[in-house]
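One structure below.
Taken together, the values in this text are just the output of simple stated rules run on the coordinates, not laboratory data. Given the structure is predicted, the values throughout are model-derived calculations rather than measurements. Quick reminder, even Gly has a Cβ in these numbers, built from the backbone with ideal geometry, and neighbours come from all protein chains shown.
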């Protein structure tokens with residue numbers, strides 16, 4: 001454990017910073033597009049159009065993080081469900097997976113806390129609500145099913161594109177497009193999380209625990225199902241990075257090399 005921590009701690013910090021940055025972006029854009037005092041709300045009163053804009057903002061945020069120097073090195077998982085899926089596929093060392101997941105939760109909480117410290121009354125407003133992901137009017141059942149579905153689709157897309165010789169370098173764009181589309185069309189059902197650490201980061205300060213089980217269970221279930229399908233189809237998985245076409249070190253390839 002300590003040897004792994006000593007060698008790979010930069011990647012763990014990168015994972016924390018990446019999800020922290022994502023949560024800061026989510027908080028800022030939600031305040032901008034949904035707080036009643038924001039000029040954007042008056043300029044764009046149609047909620048669907050603002051949801052489209054939110055989807056574009058967060059999709060581009062995901063793309064920027066994936067293609068950032070830190071994203072290229074850590075793999076830009078930013079999500080315990082993603083890390084668990086690659087662990088199940090044998091592409092991540094167990095200790096690395098544990099430290100990645102811990103870092104992701106720390107990053108999610110820290111990102112929201114930083115915005116709360118700077119703009120607490122705006123972030124706490126009911127129309128913003130700490131950018132919490134909560135079930136929509138249909139309730140927990142549809143929210144759970146929706147989270148499983150979008151998580152399955154995202155991981156299926158990532159595995160297909162990242163393992164395509166022609167398309168691999170565009171994996172980050174495909175992932176960002178999924179985020180944008182899901183926020184636009186699925187968010188009213190579950191809030192669009194796909195990420196236990198992202199939901200926990202928003203839930204921690206306002207203590208929104210009642211629906212947390214949905215976002216802890218559904219995303220891993222959906223992504224692991226996508227991995228199981230790929231295995232059943234006997235389709236290879238090369239690495240656990242979103243972006244591998246760079247000169248950054250890869251702790252996942254290092255791990256796989258030791259297993260051969």
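Overview of results
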item	result
Label-point separation in nm, residue 231 to residue 137, each point 7 Å along Cα→Cβ	4.1 nm
Modelled FRET efficiency - R0 35 Å, residue 249 with residue 185, Cβ distances, 0.05 increments	0.40
Expected 222 nm ellipticity per residue - DSSP helices of 4 or more, -39500 (n - 2.57), all of the chain, to 500	-23500 deg cm²/dmol
Principal-axis tilt of helix 212-232 within the chain, Cα atoms, nearest 10 degrees	40 degrees
Residue 118-residue 212 pseudo-label distance in nm [points 7 Å out on the Cα-to-Cβ vector]	2.6 nm
FRET efficiency, residue 88 to residue 41 (Cβ-Cβ, R0 41 Å, nearest 0.05)	0.45
Relative contact order (%) - the stretch 2-78, alpha-carbon pairs under 8 angstrom, separation at least six	43 percent
Of 77, 207, 244, the one that fluctuates the most in a GNM where the chain has Cα springs shorter than 10 Å	207
58, 1 arranged by Cβ crowding within 10 Å, fewest neighbours leading	1, 58
The stretch 43-80-the stretch 128-158 distance, computed between alpha-carbon centres (Å)	16 Å
Gaussian network model of the chain, springs between alpha carbon atoms under 10 Å - residue of 87, 19, 224 with greatest fluctuation	87
Ranking of 7, 50 by count of other Cβ atoms within 10 Å, fewest first	7, 50
Residue 13 paired with residue 49, simple spin-label distance in nm, labels 7 Å along Cα-to-beta-carbon	4.5 nm
The chain: most fluctuating residue of 80, 39, 135 per GNM, C-alpha cutoff 10 Å	39
